[in-house]
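Below you'll find the structure, written out as structure tokens, and then a few comments.
The values are calculated or read from the model by the stated rules, or taken from the named source; none is laboratory data. Nothing here was measured: the structure is a model prediction, and the numbers come from that model. Backbone-built Cβ (ideal geometry, glycine too); neighbour counts: all protein chains shown. Quick note on the areas: whole protein, heavy atoms, side chains included, nothing else; ligands and nucleic acids left out. Shrake-Rupley method; radii C 1.70, N 1.55, O 1.52, S 1.80 Å.
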Amino acid sequence: NGMKVLLVSDPQTDKASAALDVAVGSSNDPRHRQGLAHFLEHMLFLGTQKYPQSGEYQAFISAHGGSHNAFTSLEHTNYFFDIDPQQLQPALDRFAQFFISPLFTGQFVDREKNAVHSEYQARIRDDERRLWDVYRELFHVSNPAATFSVGSLETLSDTPNSKVRDDLVNFYERHYSANTMTLVVLGREPLPVLQAMVEALFSAVPDRKL
């Protein structure tokens with residue numbers, strides 16, 4: 001399906017891990033929806049068709065000695081985890097569903113808008129964030145880097161002509177495609193086993209030929 005994959009076999013590793021990078025970031029935010037790429041990053045963790053329960057992925061990772069996170073930059077959104085090596089396959093199965101069949105459940109939209117807003121408020125006095133605010137003032141207004149990348153209750157609020165969940169689904173379908181993704185997987189298994197595992201789990205990620 002066009003996804004680029006790097007497999008690493010290390011029989012001695014104490015943790016298996018994976019990271020998937022999507023070549024889309026806050027510079028792709030619609031001007032009327034600044035922070036949408038970051039908001040989408042949050043919403044992908046909240047249930048898929050195969051694993052509909054919110055928090056199931058996080059609970060599975062934590063229950064098996066792992067950690068997980070994600071970040072959104074100007075041109076990339078990256079999702080990653082590590083876990084007990086014996087649990088790589090079921091963890092990857094849950095992970096892959098983010099990019100196959102996310103639910104974007106409406107009841108969680110307001111909750112995650114508040115989470116994004118809290119993240120924005122928590123770092124509003126951070127020196128690095130303030131430095132970037134200065135840069136944004138210096139960039140030409142047409143430069144994608146001149147926009148507000150984090151998002152807030154203001155930029156993610158519903159309007160009479162624009163519902164944030166509709167914009168979210170549209171953004172996902174326009175920008176998340178297997179041919180713009182790069183996946184790295186590290187496990188104890190031999191390379192042919194890792195390859196078979198990844199092909200079985202990630203081939204269903206749609207290629208929108210972006």
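Before moving on, here are some points about what is shown:
- Nonpolar atom fraction for the chain, defined as the carbon and sulfur part of the 1.4 Å probe accessible area, stands at 51 percent.
- Evaluated on the stretch 11-102, the Kirkwood hydrodynamic radius is 13.8 Å, with distances taken between all distinct Cα atoms.
- FRET efficiency, 1/(1 + (r/R0)^6) with R0 25 Å, evaluated for Asn69 and Gln89 via beta carbons: 0.75
- Helical mean residue ellipticity (222 nm; -39500 (n - 2.57) per DSSP H run of 4+; nearest 500) of the chain: -11000 deg cm²/dmol
- Available extension along the chain between Ile124 and Ser142 is 4.1 nm, counting 0.36 nm per residue and deducting the alpha carbon span.
- Per residue accessible area of the chain, 1.4 Å probe, in Å²: 50 Å²
- The chain: angle of helix 164-175 to the longest principal axis, Cα-based, in degrees nearest 10: 60 degrees
- The value for the chain of Rg(Cα) / (2.2 N^0.38 Å) is 1.06.
- The chain: antiparallel DSSP beta bridges as a percent of all, rounded to 5: 80 percent
- Here the stretch 1-19 and the stretch 81-142 have alpha carbon centers that stand 23 Å from each other.
- P(r) weight above 14 Å for the stretch 33-87, C-alpha pairs, percent: 59 percent
- For a straight C-alpha distance cut-off of 17 angstrom, the aspartates and glutamates reachable from Lys50 (same-chain residues fewer than eight places away being disregarded) are Asp93.
- Debye-formula intensities of the stretch 96-146, expressed as log10 I(q)/I(0) at q = 0.15 Å⁻¹, are -0.69 (one equal scatterer per alpha-carbon, no solvent).
- For Lys113, the aspartates and glutamates whose Cα comes closer than 16 Å to its Cα, not counting residues fewer than 8 places off in the same chain, are Asp29, Glu41, Glu154, Asp158, Asp166, Asp167.
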